Amino acid sequence: MAKGVKPRVKVPKKAAVGEAITIKTLISHKMESGQRKDGEGNPIPRSIINRFTCDFNGENVVDITLEPAISTNPFFEFEATVPESGEFQFTWYDDDGSVYETAKKIAVE
Amino acid sequence: MELTRRNAMILGAGALVATGLPVAVAAAAGDDQIAAFTGGAEMGSEGITLTAPEIAENGNTVPIEVSAPGATAIMVLALGNPTPPVATFNFGPLAASQNASTRIRLAGTQDVVAIAKLADGSFARASSTVKVTIGGCGG
């Protein structure tokens, strides 16, 4: 498991029905591309997050496949509509099998 | 071998082919990715927008934004990278708009390509050239 992985998510607390809300996510991860070399010229093995998903009450919002060309500390911004109050589930899948999860509640009026 | 003018030219041509090869290989890998995504279908240019800076001072974090109203999936490729695929965005039923932004790594000045799979099953392609002054990907 990569060290110091910390997911951060920004979701509004409240929304109106049918409103498009903007979600920003950032996870601290070194995203080693497998292209870099260490001081002795040996390639550093790849270690990235390869998939990110966002679901709301079990329904999918986005499902993103990540490749080594995504920057360190992967950042995503996208929009979602929420039909009712509930919870967003964010999941990141690491190359080494680790899964990082976080959730955010939202109230719909 | 005696170094005559003719021999020198042959050597020069050989060196040119040798240096040109990695770029050709990377581009072919990108073409394969595109073919796998589209199934070899024709691509239009309507219905997709790719926003990328003209000049990126640091290739390690280049902000990009893709938008394709009604698309089910958008694939982004950096054709000049050692591995061209960047990311594939799949939009679910609760996505309010088919746009997303992220930050990517570019190994050098190159074309960034986005291909969207539109709701009617057709594909659209947009590309943007980004000048990179310091490369990412460890370059």
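So the values come out like this:
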| item | result |
| --- | --- |
| Cβ-defined net charge surrounding A:VAL62, 10 Å radius [Lys, Arg +1; Asp, Glu -1] | -3 |
| Radius 14 Å from Cβ of A:VAL17, net charge of other residues (Lys, Arg +1; Asp, Glu -1) | -2 |
| Accessible surface, per residue, of region B:23-139 when the full set of protein chains is kept, probe 1.4 Å, Å² | 43 Å² |
| Pairwise Cα inverse-distance average, inverted: Kirkwood Rh of region B:32-139 (Å) | 13.9 Å |
| R0 of 41 Å, Cβ-Cβ distance A:ASN42-B:GLU65: FRET efficiency to nearest 0.05 | 0.65 |
| Equivalent ellipsoid dimensions for chain A as semi-axes, Å, which come from the Cα gyration tensor, largest first | 32, 11, 11 |
| Extended-chain gain in nm, criterion 0.36 nm per residue less alpha-carbon gap, B:GLU57 and B:THR72 | 2.2 nm |
| Evaluated over the protein assembly as shown, the Cα radius of gyration and Dmax, each in Å | 20.8, 86 |
| Label-to-label distance, nm, for residues given as B:SER101 and A:ARG8 (7 Å Cα→Cβ offset) | 1.6 nm |
| Linear extension gain, B:GLU42 paired with B:ASP120, 0.36 nm per residue minus alpha-carbon span | 26.7 nm |
| Region A:48-93 - Debye-derived log10 I(q)/I(0), Cα point model, q = 0.23, 0.30, 0.32 Å⁻¹ | -0.82, -1.17, -1.27 |
| Inter-centroid distance (Cα atoms) of region A:4-35 relative to region A:59-93, Å | 7 Å |
| Net charge over other residues, Cβ less than 11 angstrom from the Cβ of A:ILE44 (K, R count +1; D, E count -1) | +1 |
| Computed label-point distance, nm, for sites A:ASP96 and A:ASN57 using a 7 Å Cα→Cβ extension | 3.8 nm |
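The values are calculated or read from the model by the stated rules, or taken from the named source; none is laboratory data. Values in this document were obtained by computation on a predicted structure and should not be read as measured data. Neighbour counts are summed over all protein chains in view; Cβ atoms, including those assigned to glycine, are modelled from backbone coordinates with ideal geometry. Note: accessible area is taken over every heavy atom of the protein model, side chains too, but ligands, DNA and RNA are not part of it. Shrake-Rupley method; radii C 1.70, N 1.55, O 1.52, S 1.80 Å.
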